[in-house]
Amino acid sequence: MNVADEQGGAGAVARLEGVSLLYRKTAALNDISLDIPAGCMAGLIGPDGVGKSSLLSLIAGARKVQTGAVSVLGGDISDDGHRRAVCPRIAYMPQGLGRNLYATLSVYENIDFFGRLFGHAHAERRRRIETLMKSTGLLPFADRPAGKLSGGMKQKLGLCCALIHDPDLLVLDEPTTGVDPLSRRQFWSLIDDIRASRPGMSVIVATAYMEEAARFDWLAAMNDGNVLATGSPAELLSATATDNLDDAFVALLPEATGRDRPALDITPRAEGDAGDFAIEAEHLSKRFGDFTAVDDVSFRIRRGEIFGFLGSNGCGKTTTMKMLTGLLDVSDGTAKLFGQPVDPGNLDVRRRVGYMSQAFSLYTELTVRQNLSLHARLYRLPAETIGPRVAEMIARFDLADVADSLPDALPLGIRQRLSLAVAMIHGPDILILDETDLRR
Amino acid sequence: MLIALSRNDNVTIFVSTHFMNEAARCDRISLMHAGRVLASDSPAAIIEASGKATLEEAFISHLEAVTDEAREAEEPAIAENAEKDDADGRAAERALKHRFDFRRMMAYSWREALELRRDPIRATMAIIGSVILLLVIGYGINLDIENLSYATLDRDQTVTSRDLTLDISGSRYFDEKAPLLDYADMDRRMRDGEISFAIEIPPHFAADLARGRDVEIGVWLDGSMPQRASSARGYIQGVYATWLTRKIEEVYGAGAADPAYSVAARYRYNPDIRSLVAMAPAVIPLLLLLIPAILTTLSVVREKELGSIVNFYVTPTTRLEFLIGKQLPYIVLAMFNFALLLATSLMVFQVPFTGSMLAFSLAALLFVTISTGMGLLVSTFTSSQIAALFATALLTLIPAIQYSGLIDPVSALQGFGAMIGEVYPATYFVTISRGTFTKALGLADLHAAFVPLLIAIPVLTIASTLLLGKQAR
């Protein structure tokens, strides 16, 4: 069978017609029809939870097609026979750092396992694995267990495992999310090299990084289970009359949903209150056994300042934050809040801190209003002030319309606002936002 | 919104992120990598200091300064990959056409064995867990009674009555406590669990005995553990009968004893009726059912939870390859377990083994294939480890304990219970186990019990193959 035949005149590596997908009652994909072009880098862009992963798992054959038709590499992917015939030509790297790897197996053993599944003989596997490890820079780490690799190296290993059988279609689901920018750049140059050596290979990638998507050949912008627009990055920019994909994406969103994003211009902070520090860290270190998670970190944050930690998963951001809030003991150095050393037993200090994390601490069976008053009581606000404070938060975070809805029924953006309101309910002086992605 | 909080309410906001554009909105940021702060300043100042155009490039230049593995490996070596080894390519293609490929199956077995070896908790539970359970069950639920505590309420206080109490206290089964004062004392001490039974010798006991009248003694048993109580009663009756016979002979001369007293039950196969001897052949099947089944279920459901099951979904691995590949290491492990359990029974508990070791081992091999197969079956319809654990425990233990002849013989069951008992493979392994342990039976005597085991294996494998999803739903 030759490549041109099966891709037909349209040159689509995957073709979706009227595809919908439900998880219980929640729609993940909503009547999607889409042709993904072959032989190029095709990207799915959009924030978390819009259906990118679902779409990719259907294309890879990992998930059952519920409604609609998905044809991949010239045949119906819901047909067992076709799937069996083409799965050796597809490689799928699911979302999550090293999610399909085996943590206790070494780098070499992981790749070897995939090689065995695709039926390569011992000598051939050895040759291929060495080539792959050499080109990804993993060779010095061949014996290290996959679970002990950094995020960037895990993704490179995932790529090695995916490439062991020379696939014609490479499906990558957020391969660089949570990886440091250098490893991210290395990852993409690796992909470029591979594509240069296998020009016919199609790559379909989901990403939440718009700056990465700008390098792709073709994009589909997704939101809320729908495809908003398709085309090359340049086409999307000109269609929306914007100069970057972030803005283009926002412009593509339907009127109702997402244009309330905060303006980028920041009023400069009034200086002058120097010396009044909210958070001070001096030579802070945290060791777990022989692993140093945080190594001699010092910084000061002024009162009223917006301070950011920028880094990849596992670089010590969350550990540092936990030490500063007394959730974790420090191994070395000092942490101070408002000039006072952090004392885990001191509830007063904790009451001055609001915390919002990537997993929102919302109770799904309580309404928005009930969530707010419950948290007010948890922080032991005086009973008479709870009512007014909840009302104030609802007004301030624009939640009046949804005050009696359950959080699960709300779009992600509003849920984020609610989490923020919950974190602010007790009027803290410090607000900690741990990986909450408030870009929207 | 955040900006208003910061500027108007003077709230300090501390953000962590891996998105450049989110970080760009902060007053000041710290670039972090591997637990260290690489730079700390306003985003604009960081960009300026590095001489780059964007925050991302600035971050990368900082990273490059500290990362030694940086760009050393930038050789376009992938090109080599394109030139395929033709012979191998053909072999690989042939393998893909097969519905069942031995190599793929072994890939799963090999990986499973490696993972098991490197997971100390699972490996320990797998290897010594069952032996520990056997020891606990063996020592804990020992139904034999020894050192049963009791006290006497001697209301006769004669040489004869004291002779009787001395006889009873001399038995190795009983442990005498301080004599009882009255009924209230007896009640209290029995309630506190200090004594398990009390013996009451009525007034005029010696006098009545001497006159040849009917004599009685009272035995008060704590009935809260019926099995113990009934054994205790039997022992006391025995001791009393012996003593009475001796007394009668002392008074009336030898041979005068009522022959009715000499009726005694004799147990076959387990002459000492030691319950351990009866227990080991029943507990071994139970443990060989429960533990291998749980381990096998968890090995699959764990993959579902971790996400690596997707490798089975998207690779050419067939259902049968996956299932058997996963099962093999656990069969080997279970046989190792079997050897340990057998050794513990024979050496620690000194349970005699009278029948054919070959028959027993062969049956064990079939049986652990079944129990791991049952684990696989449960794993096809459970998706969390907790659910899988409970489902496996319930589905294996309840039928095994209730309906497989562990407590009541299968022939004594009725209706639905009897039906389960007749279908459930554990029944037949218990039969073989008891037969070889205590009844000195061999392969020829037990071949009928092997047939259901041989049937169960393909039935379970086919059921699992049909139920296992090759795609996520």
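Return an integer: the convex hull volume of the alpha-carbon atoms of chain A, in Å³ per residue.
171 Å³
If amide hydrogens are placed 1.01 Å from N in the peptide plane, which non-local residues have theirs closer than 5 Å to the one on A:Y355?
When sequence neighbours closer than 5 places are left aside, the close amide H contacts are A:I432.
Amide H to amide H, which residues 5 or more places from A:D332 or on other chains are under 5 Å from it, using H placed in the peptide plane?
A:S285
Please turn the phi angles of the stretch B:19-33 into ³J(HN,Hα) values with the Karplus equation 6.51 cos²θ - 1.76 cosθ + 1.60 (θ = phi - 60°), one per residue in order, whole Hz, x for glycine and proline.
9, 4, 6, 6, 5, 4, 8, 7, 5, 9, 9, 10, 8, 10, 8
Return one number: the angle in degrees, 0 to 90 and rounded to the nearest 10, between the long axis of the Cα atoms of helix A:151-163 and the longest principal axis of the Cα atoms of chain A.
Once rounded, the angle reads 20 degrees.
Which ³J(HN,Hα) values in Hz, rounded to whole numbers, follow from the phi angles of the stretch A:80-94 under the Karplus curve 6.51 cos²θ - 1.76 cosθ + 1.60, where θ = phi - 60° and Gly and Pro get x?
4, x, 5, 4, 5, 6, 9, 4, x, 9, 10, 10, 10, 10, x
In degrees from 0 to 90, rounded to the nearest 10, what is the angle of the helix A:368-378 Cα long axis to the longest principal axis of chain A?
Relative to chain A, helix A:368-378 is tipped by roughly 50 degrees.
Give me a comma-separated list of calculated 3J(HN,Hα) values for the stretch B:237-245, in order, Karplus coefficients 6.51, -1.76, 1.60 applied at θ = phi - 60°, integers in Hz, x for any Gly or Pro.
So the Karplus estimates, Gly and Pro as x, are 4, x, 4, 5, 4, 4, 4, 5, 4 Hz.
Could you give the Stokes-Einstein D for the stretch B:148-252 in µm² per second, using the C-alpha Kirkwood radius, 4 °C, 1.567 mPa s?
This corresponds to a translational diffusion coefficient of 92 µm²/s.
Based on the Kirkwood radius over alpha-carbon pairs, what value in µm²/s does the Stokes-Einstein equation return for the translational diffusion coefficient of the stretch B:2-68 at 20 °C and 1.002 mPa s?
Here the translational diffusion coefficient equals 168 µm²/s.
What is the ratio of the Cα radius of gyration of the stretch A:304-425 to 2.2 N^0.38 Å, with N the residue count, to two decimals?
This ratio for the stretch A:304-425 stands at 1.19.
Debye calculation, C-alpha points only, no solvent: report log10 I(q)/I(0) for the protein assembly as shown at q = 0.05 Å⁻¹, in the same order as the q values.
-0.45
If we sort B:387-397, B:234-244 on the protection proxy, mean other Cβ atoms within 10 Å, highest first, what's the order?
B:387-397, B:234-244
Debye calculation, C-alpha points only, no solvent: report log10 I(q)/I(0) for the stretch A:93-159 at q = 0.13, 0.14 Å⁻¹, in the same order as the q values.
Results for the stretch A:93-159 at q = 0.13, 0.14 Å⁻¹ read -0.30, -0.35.
Assuming a viscosity of 1.306 mPa s and a temperature of 10 °C, what translational diffusion coefficient in µm² per second does Stokes-Einstein assign to chain B, Rh being the Kirkwood radius over Cα pairs?
Estimated via Stokes-Einstein, D reaches 54 µm²/s.
Rounded to the nearest 5, what % of the DSSP beta bridges within chain B are antiparallel ones? If you can, show how the numbers build up before the last one.
On the way: 9 of 17 bridges.
Once the DSSP bridges in chain B are tallied, antiparallel ones form about 55 percent.
Hey, how many Å between the Cα centroid of the stretch A:369-440 and the Cα centroid of the stretch B:327-389?
That distance is 55 Å.
How big is the Rg/Rh ratio for the stretch A:18-164, C-alpha atoms only, Rh by Kirkwood, two decimals?
Using only Cα positions, Rg/Rh for the stretch A:18-164 is 1.01.
Count charges around B:Y313 for me, please; just the other residues with Cβ under 9 Å from its Cβ, Lys/Arg as +1, Asp/Glu as -1.
Computed value for this residue: +2.
What is the angle, in °, between the Cα long axis of helix B:443-467 and the longest principal axis of the Cα atoms in chain B? Nearest 10 is fine, range 0 to 90.
Value to nearest ten degrees: 30.
Roughly speaking, what is the centre-to-centre gap between the stretch A:88-167 and the stretch A:298-346 when only Cα atoms are used, to the nearest Å?
37 Å
Could you check the simple spin-label distance between B:D182 and B:T242, using points 7 Å along Cα→Cβ, in nm with one decimal?
3.5 nm
Averaged across the residues of B:35-42, what count of C-beta atoms belonging to other chains lies within 10 Å of each residue's C-beta?
If you average over the peptide's residues, the count of other-chain Cβ atoms is 6.
Would you mind giving the mean number of other chain beta-carbons within 10 Å of the Cβ of each residue in A:96-108, as a whole number?
4
Throughout, read-outs are computed from the coordinates displayed, never taken from laboratory work. Small disclaimer: the values here were computed from a predicted structure and weren't measured. FYI the Cβ positions are ideal-geometry reconstructions off the backbone, even for glycines, and counts take in every protein chain you see.
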